[in-house]
Structures are given as C-alpha cells and as structure tokens.
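Please read the structure below before turning to the comments.
No lab work stands behind these numbers, since they all come straight from the coordinates. Model, not experiment: these values are computed from the prediction. Virtual Cβ from ideal backbone geometry, glycine too; neighbours counted across all protein chains shown.
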Protein chains: 2
Amino acid sequence: MTDNNVVYVGNKPVMNYVLAVVKEFNNGANEVVIKARGKAISRAVDTAEVSRNRFLMDKKINGITIGTEKMVSEDRASNVSIIEIVLGK
Amino acid sequence: MTDNNVVYVGNKPVMNYVLAVVKEFNNGANEVVIKARGKAISRAVDTAEVSRNRFLMDKKINGITIGTEKMVSEDRASNVSIIEIVLGK
C-alpha cells in the first residue's frame, strides 16, 4: 500500500477511471483521492458515483474539496477550477 | 429572504450564475445552494470559485454533496451525477 492513492481524471471514458479506483482499493489502499480540473470535474464526480454505486458499495465519500489553480501557458495566466473527492471506509 | 436560495447551473456562461449567486446574498440570503447535474457540474464548481474569489470574499463553502439521480426519458432510464455546493458565512 502506498500513501498516494490518487486517480487523475481526464478525457478518457469514465469506466477507465472507475477501474483505476477499484484497483487502488484492491491493492490495499484505505483511501483513494479522485482529482480533476476544468471540464473533467463532471467526469470525476461520475467516477466517484459509479465506483460507489456499482463496485465499492462499502466505501464512503470522506471529503470533497474544490479550489482554483493558476494555469500559466506561454503568454497568459488563467484560472482553472479543481476538485478532489476522497473515497474511503 | 426566502428559505430556498438555490441557483441551478445549466449551459449559460458562468458569469450569469455568479451574478445570480451574488444577487441572492444581496437579497439577504444567509446561504446559497448551487446545484447542477451532468456536464454542468464543472460549471457549478466554476460558479462557486469565481463567486468566492472575486465577489464574496467573506463567504465560505459550507458543504459539497454529490449524488446520482435517475433520469427517465421516453424509452429508457439513465443515471446522471449531481452536485450541490452550499455557500454561506
């Protein structure tokens, strides 16, 4: 078991991330953190919900945090929203 | 002041919903609930973050809930994720 059980949600199908979450728990994780930013935030919520409703019925949501990150691209800075959802016992 | 200070986030620009949140507080609300489902969830998080960082610096996030709702269309049922973000003092 590692301390950093983080699943980063991007643009792939939700089920990819659900399987990554399930795998983390199967590998002995006590908690898994689902992280996403920008438009992937909706998919992170889907990932948490599908994981909990279909595969990990004994797990709970231990916390949800939202925040803002500065993204710096070549010539300008912009803000992007982020979410962290903690699943655990 | 009403008891139901809810802003439903849909497909319009984020700033529309930010202004709706600010207006609720200006009308005397103690708490405002930002709700969205499906792909609008990302925009709900943006709404909360922009409201807090730019207009309502004295307000805090009092709670974030995620869940699943059954959508029944003509011939089939599907699940959609929902989010509720509570802003308050």
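Here are a few things to note about the model shown:
- For chain A, no strands (runs of 3 or more DSSP E) sit wholly inside it while including 2 or more residues that are farther than 25 Å from B:Ile85 by Cβ and among the acidic types (Asp, Glu).
- Residue check: B:Asn62 meets all listed conditions (1) surrounded by 20 or more Cβ atoms within 10 Å (Cβ to Cβ); (2) polar (S, T, N, Q); (3) under 17 Å from B:Glu24 (Cα atoms) but one, namely (1).
- Test: A:Thr47 is surrounded by 19 or more Cβ atoms within 10 Å (Cβ to Cβ), under 12 Å from the mean Cα position of the chain (by Cα) and within 30 Å of B:Lys59 (Cβ to Cβ): yes
- With respect to being within 24 Å of A:Lys70 (Cα to Cα) and facing another protein chain (nearest Cβ under 10 Å), B:Val14 fits the description.
- Set B:Asn30, B:Asn53: member being at the interface with chain A (Cβ under 9 Å from one of its Cβ atoms) and surrounded by fewer than 16 Cβ atoms within 10 Å (Cβ to Cβ): B:Asn53
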